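K.L.:
My questions all concern the structure below.
The values are calculated or read from the model by the stated rules, or taken from the named source; none is laboratory data. Since this is a predicted model, take the numbers as computed values, not measurements. All Cβ positions, even for glycine, are placed from backbone atoms using ideal geometry, and neighbour counts span all protein chains on display.
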Amino acid sequence: MTATIKLGQLAEFLGATLRGDAEKAITGLATLQEAGPTQLSFLANPQYRKYLAGSQAAALLLKASDAEGFVGNVLVVPDPYAAYARISHLFDPKPKAAAGIHPTAVIAADAVVDPAASIGAFVVIESGAQVAAGTTVGAHCFIGARSVIGEGGWLAPRVTLYHDVRIGKRVVIQSGAVLGGEGFGFANEKGIWQKIAQIGGVLVGDDVEIGVNTAIDRGALADTIIGNGVKLDNQIQIAHNVQIGDHTAMAACVGISGSTKIGKHCMLAGGVGLVGHIDICDNVFITGMTMVTHSITESGSYSSGTAMQPAAEWRKSAARIRQLDDIARRLRQLEKQVGEVTPDGNASSDG
Amino acid sequence: MTATIKLGQLAEFLGATLRGDAEKAITGLATLQEAGPTQLSFLANPQYRKYLAGSQAAALLLKASDAEGFVGNVLVVPDPYAAYARISHLFDPKPKAAAGIHPTAVIAADAVVDPAASIGAFVVIESGAQVAAGTTVGAHCFIGARSVIGEGGWLAPRVTLYHDVRIGKRVVIQSGAVLGGEGFGFANEKGIWQKIAQIGGVLVGDDVEIGVNTAIDRGALADTIIGNGVKLDNQIQIAHNVQIGDHTAMAACVGISGSTKIGKHCMLAGGVGLVGHIDICDNVFITGMTMVTHSITESGSYSSGTAMQPAAEWRKSAARIRQLDDIARRLRQLEKQVGEVTPDGNASSDG
Amino acid sequence: MTATIKLGQLAEFLGATLRGDAEKAITGLATLQEAGPTQLSFLANPQYRKYLAGSQAAALLLKASDAEGFVGNVLVVPDPYAAYARISHLFDPKPKAAAGIHPTAVIAADAVVDPAASIGAFVVIESGAQVAAGTTVGAHCFIGARSVIGEGGWLAPRVTLYHDVRIGKRVVIQSGAVLGGEGFGFANEKGIWQKIAQIGGVLVGDDVEIGVNTAIDRGALADTIIGNGVKLDNQIQIAHNVQIGDHTAMAACVGISGSTKIGKHCMLAGGVGLVGHIDICDNVFITGMTMVTHSITESGSYSSGTAMQPAAEWRKSAARIRQLDDIARRLRQLEKQVGEVTPDGNASSDG
């Protein structure tokens, strides 16, 4: 299952400077603490430098400065974490699917599947859909009418694309993800919700990753749009007509309401929620479990998640939160009273 | 894919007053700003009135008051948004499934599938289940033993109904939804969790919509119940024995704990969480990311979601939240002191 | 569908003391209020004692102390809720799958399926995978290469295990759950996210339950580990390299970030979020919607969820939260001023 690659070959692959035994056989990757004598490891986070000396690893990916004092086999690289990212794929035990169509797949006569694509068992591909070369469509996937998947993609087993979902090149979609579901569009007539057909599609750029059980709804009229290089973790909810800028990343359990636009190179931590119809500019970082209630026009960090306390202490804080308006009013009142009796009383204004 | 319908036909369909060219061919719907010269648009939100004059749309759905000053083709209707909702289905590119059973479907001998139902590829329908006329069951759906789906329903590909799930008429269920999963029922015996069989079922009314990857657990003893006209968005969690009243709507990522009852015509915004065993009365609106910790007996709006600040400011606020009990006590102490030195000191009581 | 069992047989099964008619036929279980004249009920929560007298149940599971005053048929047991848990499985209408492999299943030549396992329709089992005796793999499940499922397990329809997922004995996995998805691992190179192959697997202990649409990612290098007896509700997100100790339970919609370790016998309420790379010790209880931002080294209860208020009141509280730093500073200023004019002024320090 696991590859065996000589250290010299890895140096060549990375363009790294090899210091040590080029013939050393590497069978896998592991952390500094867990690596065995045939595994490669790396030092990216300075706080793990203490584990360098004791590591059993066959060789290490190190920066030049860290390599100086180290006596074992080393691949010297400018960015060990990035080098590890590149090398990791050489040791990935994920099965590679062979090109071709599994005999159980049900494919519409007018769908176009490239001969160099791989279509798994029980896949359904509907009328007018297209799958490009080098793309793997895992077992139990459903590709709706007229949906298009670009070159070099990988759909895990059981991914659903509704109709009119267009996906770029090298896109990875994990199991259970659903693209093109009908967004939550209803008109309220006298208390009864009338469904609005969701006529738009979904447009996904190149080099996107979409996590397990993540949902990206189709647009109501125009398309929902995911930019190039966007990375979405698991269990994320993207509502209709959301637009996400290039290279933005979101951790798990984020929820984005309809028609909200997010800029490029943003990062949303886990559990963040965004209301609908707002704009987030480029280079915004939103910390965990924050509720984003209005547009953001300046890049930077934003928060509203409340950190944990022991429950007994938290109960007191929480009870006081409900009294805050009263507390503020009483403070203002006191300031007035004290200002009257102290000569230098200069109470600040009650915002 | 897209329908072409004459403006006069649309007027007739809606019962609208046509002002303009009845022969004008309409090929789709779009927003005021994006509509092209063969598309219909509408004005529902007054803040978009500024786009009226510049719209390229072939025709507009307008209220009589907005139609007065407008020179293009108009369908005059009392509620343009509701009219758009009705018309949207005429232009929906969603493929219509033909009646009949796909040859790959696996259907128990004693299951009853109406000849006017459509059963997709790789569907499994188990013993005693029933699918009524006009209902579409998408590819990869699983319909458990004795489960029943009423007339005119639409199940997207890959919907799972466990056994004993009964669904009304015209119910729409999006991909990845699971109805009838075994709820989280365990008895703790000396630190070990013993599973409690989940014997109840799920009962879903008419005209319900259930979103992508939403989970509705079966009841522990009696049924979990979803009323008529209920609309559930994506990624919602409904625990065992929850009851949801007619025409209540919930946005994505809501979580409802076991045995909680929600009234009619309620609205829950995204990310709301409800504890178990509480009652929410009719006509309650709960804002985003609120934690509902007790029953609500009066209709109205309820909140606890904290709005975002720049992270540096929020860190200060958050640190102060932990000091709130101390702050409140010190304020009370000050009030006493000041009350002693000022003649008109009338500090309010410390609740 | 429902079993019929004589009360005497149930007494024997439970080792309970029977007081009443051993021949009484029991057809099911229900609550005290809903039980009909052939159903068994139980009293576990003292607040339902008021329903004892009026219950129509055929018989009751009662503690000796509650049985004293009761005149109907009784099974006297030390823990009625635990007894109900045990008996519930006898009345579970869930279909029992017969051993054997459905003819539509696609199973790799070198996969090992025990003859006493049950493999449903359209199941895919890949190279080198193993399914042990007494295990049911529901329709539409996907078992990836080299994945192993121990004895006596039950996988609902449509469960996905990627490759190298090893599962213990008697594990229950609900529909839509995904084990072994590729975790959110990317190295940022000049603003572009480079994917890191997720080489580790998932290791699940014995007697674990995993809820609907829950995601457990594979490890980046080492395995993600779920201990024995762990119970995970629906829609939970477990990131790569998380470790969960034995007999810990989590309610729905919990999200746990990468490499976080949780101890034994912990309980996480619904909607809780944990940051990555922290350690939670044994016997910790975290209340609903809490954000866990740092390690916990002492067992006990922890919270940060804010309870709901009527929206008008909450808006005032929320506005004041933003002013908290200003309020605290002004309070400190007042304390200084008042301390100067009152002889006994002893303001506490501003933490």
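K.L.:
From the residues in the stretch C:130-144 that are of a type in the set (G, A, S) and in contact (Cβ under 8 Å) with a residue 24 or more places away in the chain, which one is surrounded by the fewest Cβ atoms within 10 Å (Cβ to Cβ)?
P.N.:
Residues of the stretch C:130-144 of a type in the set (G, A, S): C:132-134, C:138-139, C:144.
If we keep only those that are in contact (Cβ under 8 Å) with a residue 24 or more places away in the chain too, we end up with C:132, C:138-139, C:144.
Values: C:A132: 19, C:G138: 26, C:A139: 27, C:G144: 28.
Residue satisfying both the conditions and the ranking: C:A132.
K.L.:
Please work out which residue is modelled with the lowest pLDDT, limiting yourself to the stretch B:33-55 and to residues that are of a type in the set (A, V, I, L, M, F, W, C) and surrounded by fewer than 21 Cβ atoms within 10 Å (Cβ to Cβ). Reasoning before the result, please.
P.N.:
Keep residues of the stretch B:33-55 that are of a type in the set (A, V, I, L, M, F, W, C), which gives B:35, B:40, B:42-44, B:52-53.
Restricting the remaining residues to those that are surrounded by fewer than 21 Cβ atoms within 10 Å (Cβ to Cβ) gives B:44, B:52-53.
Numbers: B:A44: 92, B:L52: 92, B:A53: 89.
Across the stretch B:33-55, the extreme among qualifying residues is B:A53.
K.L.:
Any residue in the stretch B:327-335 that is of a type in the set (A, V, I, L, M), at pLDDT below 95 and in contact with a Gly (Cβ under 8 Å, 6 or more places away or on another chain)? Before you say what the answer is, go through the steps one by one.
P.N.:
Residues of the stretch B:327-335 of a type in the set (A, V, I, L, M): B:327-328, B:331, B:334.
Now drop any that are not at pLDDT below 95, which leaves B:327-328, B:331, B:334.
With the extra rule that they be in contact with a Gly (Cβ under 8 Å, 6 or more places away or on another chain), the set shrinks to none.
So far as the stretch B:327-335 goes, no, none of its residues is of a type in the set (A, V, I, L, M), at pLDDT below 95 and in contact with a Gly (Cβ under 8 Å, 6 or more places away or on another chain).
K.L.:
Another question, then. Identify, please: which residue in the stretch C:285-297 is more than 14 Å from B:M291 (Cβ to Cβ) and within 14 Å of chain B (Cβ to nearest Cβ) and is, among those, surrounded by the fewest Cβ atoms within 10 Å (Cβ to Cβ)?
P.N.:
Within the stretch C:285-297, the subset more than 14 Å from B:M291 (Cβ to Cβ) is C:285, C:292-297.
Of the ones still in play, those that are also within 14 Å of chain B (Cβ to nearest Cβ) are C:285, C:293-294.
Numbers: C:F285: 15, C:T293: 18, C:H294: 12.
By that ranking, first place goes to C:H294.
K.L.:
Turning to a different aspect of this structure: Only one residue in A:R146, A:R166 is more than 14 Å from chain C (Cβ to nearest Cβ), under 20 Å from the mean Cα position of the chain (by Cα), more than 15 Å from B:A121 (Cβ to Cβ) and of a type in the set (K, R). Which one?
P.N.:
Working: A:R146 fails: under 20 Å from the mean Cα position of the chain (by Cα).
Result: A:R166 is the single residue among A:R146, A:R166 that is more than 14 Å from chain C (Cβ to nearest Cβ), under 20 Å from the mean Cα position of the chain (by Cα), more than 15 Å from B:A121 (Cβ to Cβ) and of a type in the set (K, R).
K.L.:
C:E126 is checked against (1) crowded, with 18+ Cβ neighbours inside 10 Å; (2) of a type in the set (D, E, K, R); (3) within 21 Å of C:V208 (Cβ to Cβ) and fails just one. What number does that condition carry?
P.N.:
Unmet condition: (3).
K.L.:
Right, next: Against the condition away from chain B (no Cβ under 13 Å), part of a loop (DSSP other than H, G, I, E, B) and out of contact with any Asp or Glu (no Cβ under 7 Å at 6 or more places or on another chain), how does A:G152 come out, does it pass? Please lay out each step first, then the result.
P.N.:
Values: away from chain B (no Cβ under 13 Å): yes; part of a loop (DSSP other than H, G, I, E, B): yes; out of contact with any Asp or Glu (no Cβ under 7 Å at 6 or more places or on another chain): yes.
So A:G152 fits the description; yes.
K.L.:
Yes or no: the stretch C:157-178 includes at least one residue that is in contact (Cβ under 8 Å) with a residue 12 or more places away in the chain, in contact with a helix residue (DSSP H, G or I) (Cβ under 9 Å, 6 or more places away or on another chain) and not charged (D, E, K, R). Steps first, please.
P.N.:
Taking the stretch C:157-178 as the starting set, the residues that turn out to be in contact (Cβ under 8 Å) with a residue 12 or more places away in the chain are C:157-178.
Then drop every residue that is not in contact with a helix residue (DSSP H, G or I) (Cβ under 9 Å, 6 or more places away or on another chain), which leaves none.
Checked against the condition, which is being in contact (Cβ under 8 Å) with a residue 12 or more places away in the chain, in contact with a helix residue (DSSP H, G or I) (Cβ under 9 Å, 6 or more places away or on another chain) and not charged (D, E, K, R), the stretch C:157-178 yields no hits at all.
K.L.:
Also, quick follow-up: Sort out which residues of the stretch C:145-158 are within 19 Å of A:R158 (Cα to Cα) and crowded, with 24+ Cβ neighbours inside 10 Å, and write them in order of number. Steps first, please.
P.N.:
Restricting attention to the stretch C:145-158, the residues satisfying the condition of being within 19 Å of A:R158 (Cα to Cα) are C:145-147, C:155-158.
C:S147, C:L155, C:A156, C:P157, C:R158 - these are the residues of the stretch C:145-158 that are within 19 Å of A:R158 (Cα to Cα) and crowded, with 24+ Cβ neighbours inside 10 Å.
K.L.:
Quickly run through the stretch B:62-82 and pick out the residues that are within 14 Å of B:N45 (Cβ to Cβ) and part of a helix (DSSP H, G or I). Explain how you work it out, then say what you get.
P.N.:
Taking the stretch B:62-82 and keeping what is within 14 Å of B:N45 (Cβ to Cβ), we get B:62-63, B:66, B:79-82.
Those that are within 14 Å of B:N45 (Cβ to Cβ) and part of a helix (DSSP H, G or I): B:D66, B:P80, B:Y81, B:A82.
K.L.:
Name the one entry in A:G300, A:G276 that is out of contact with any strand residue (DSSP E or B) (no Cβ under 7 Å at 6 or more places or on another chain), modelled with pLDDT of 95 or more and surrounded by fewer than 23 Cβ atoms within 10 Å (Cβ to Cβ). Full working, then the answer.
P.N.:
Details: A:G300 fails: out of contact with any strand residue (DSSP E or B) (no Cβ under 7 Å at 6 or more places or on another chain).
From the options A:G300, A:G276, the qualifying one is A:G276.
K.L.:
A further question follows. Does any residue of the stretch B:38-49 turn out to be in contact (Cβ under 8 Å) with a residue 12 or more places away in the chain, part of a loop (DSSP other than H, G, I, E, B), of a type in the set (V, I, T) and within 20 Å of A:D164 (Cβ to Cβ)?
P.N.:
There is at least one residue in the stretch B:38-49 that is in contact (Cβ under 8 Å) with a residue 12 or more places away in the chain, part of a loop (DSSP other than H, G, I, E, B), of a type in the set (V, I, T) and within 20 Å of A:D164 (Cβ to Cβ).
K.L.:
Just one of (1) loosely packed, with under 13 Cβ neighbours inside 10 Å; (2) within 20 Å of C:E189 (Cβ to Cβ) trips up A:D79, so point out which.
P.N.:
(1)
K.L.:
Can you tell me how many residues within the stretch A:319-336 are within 30 Å of A:I278 (Cα to Cα), surrounded by 22 or more Cβ atoms within 10 Å (Cβ to Cβ) and not β-branched (V, I, T)?
P.N.:
If we filter the stretch A:319-336 for residues that are within 30 Å of A:I278 (Cα to Cα), which is where we start, we get A:321-322, A:324-325.
Checking which are surrounded by 22 or more Cβ atoms within 10 Å (Cβ to Cβ) leaves us with A:321, A:324.
Checking the rest, the ones that are also not β-branched (V, I, T) come to A:324.
Of the residues in that region, 1 qualify.
K.L.:
Also: Quick one: is C:A97 touching a residue at least 24 places away in the same chain (Cβ under 8 Å), on the phi < 0 side of the Ramachandran plot and in a loop (DSSP other than H, G, I, E, B)? Give the derivation first.
P.N.:
Details: touching a residue at least 24 places away in the same chain (Cβ under 8 Å): yes; on the phi < 0 side of the Ramachandran plot: yes; in a loop (DSSP other than H, G, I, E, B): yes.
So C:A97 passes the test.
K.L.:
Exactly one of (1) within 9 Å of chain C (Cβ to nearest Cβ); (2) farther than 28 Å from B:T297 by Cβ; (3) of a type in the set (G, A, S) is unmet by B:A239. Its number?
P.N.:
Tallying (1) within 9 Å of chain C (Cβ to nearest Cβ); (2) farther than 28 Å from B:T297 by Cβ; (3) of a type in the set (G, A, S), B:A239 fails exactly one: (2).
K.L.:
Could you tell me how many of the residues in the stretch B:65-106 are more than 30 Å from B:T135 (Cβ to Cβ) and more than 13 Å from chain A (Cβ to nearest Cβ)?
P.N.:
12
K.L.:
If you don't mind, there's one more thing I want to ask. Applying the selection to the stretch C:110-120, what residues are within 14 Å of another protein chain (Cβ to nearest Cβ) and either under 21 Å from A:H102 (Cα atoms) or in a loop (DSSP other than H, G, I, E, B) (or both)?
P.N.:
Keep residues of the stretch C:110-120 that are within 14 Å of another protein chain (Cβ to nearest Cβ), which gives C:110-111, C:118-120.
C:D110, C:A111, C:I119, C:G120, listed by residue number.
K.L.:
Within the stretch C:2-11, does at least one residue satisfy the condition of being in a loop (DSSP other than H, G, I, E, B), under 21 Å from C:P93 (Cα atoms), touching a residue at least 40 places away in the same chain (Cβ under 8 Å) and within 14 Å of another protein chain (Cβ to nearest Cβ)? Steps first, please.
P.N.:
At the first step, the residues of the stretch C:2-11 found to be in a loop (DSSP other than H, G, I, E, B) are C:2-4.
Within this subset, residues satisfying the condition of being under 21 Å from C:P93 (Cα atoms) are C:2-4.
Checking the rest, the ones that are also touching a residue at least 40 places away in the same chain (Cβ under 8 Å) come to C:2-3.
After this cut, where a residue has to be within 14 Å of another protein chain (Cβ to nearest Cβ) as well, the list is C:2-3.
Yes; the residues of the stretch C:2-11 include at least one that is in a loop (DSSP other than H, G, I, E, B), under 21 Å from C:P93 (Cα atoms), touching a residue at least 40 places away in the same chain (Cβ under 8 Å) and within 14 Å of another protein chain (Cβ to nearest Cβ).
K.L.:
Now, a different point. If you scan the stretch B:193-240, which residues turn out to be touching a Phe, Trp or Tyr at 6+ places or on another chain (Cβ under 8 Å) and part of a loop (DSSP other than H, G, I, E, B)?
P.N.:
B:I196, B:A197, B:I199, B:G211, B:R218, B:G229, B:D233, B:N234, B:A239, B:H240
K.L.:
Could you list all residues from the stretch B:160-170 that are over 30 Å from C:H247 (Cβ atoms) and buried (at least 24 other Cβ atoms within 10 Å of the Cβ)? Steps first, please.
P.N.:
Keep residues of the stretch B:160-170 that are over 30 Å from C:H247 (Cβ atoms), which gives B:161, B:164-170.
Once the filter is applied, which keeps residues that are over 30 Å from C:H247 (Cβ atoms) and buried (at least 24 other Cβ atoms within 10 Å of the Cβ), the stretch B:160-170 yields B:L161, B:D164, B:V165, B:I167.
K.L.:
Only one of A:A222, A:A249 is in contact (Cβ under 8 Å) with a residue 12 or more places away in the chain, small (G, A, S) and either away from chain C (no Cβ under 12 Å) or surrounded by 24 or more Cβ atoms within 10 Å (Cβ to Cβ) (or both). Can you tell me which?
P.N.:
Details: A:A249 fails: either away from chain C (no Cβ under 12 Å) or surrounded by 24 or more Cβ atoms within 10 Å (Cβ to Cβ) (or both).
Answer to the selection: A:A222.
K.L.:
Still on this structure, I have one more. Between a first residue in the stretch C:327-351 that is small (G, A, S) and a second residue that is modelled with pLDDT under 80 and surrounded by 15 or more Cβ atoms within 10 Å (Cβ to Cβ), which pairs have beta carbons less than 7 Å apart while being 6 or more apart in sequence or on different chains?
P.N.:
C:A328/C:D350; C:G339/C:G345; C:G339/C:A347
K.L.:
Something else: Would a scan of the stretch A:103-119 turn up a residue that is surrounded by 22 or more Cβ atoms within 10 Å (Cβ to Cβ) and under 20 Å from B:R158 (Cα atoms)?
P.N.:
Checked the stretch A:103-119: at least one residue is surrounded by 22 or more Cβ atoms within 10 Å (Cβ to Cβ) and under 20 Å from B:R158 (Cα atoms).
K.L.:
A follow-up question, please. Taking the stretch C:171-191 as the region of interest, how many residues are surrounded by fewer than 18 Cβ atoms within 10 Å (Cβ to Cβ) and more than 9 Å from chain A (Cβ to nearest Cβ)?
P.N.:
Residues meeting the conditions: 1.
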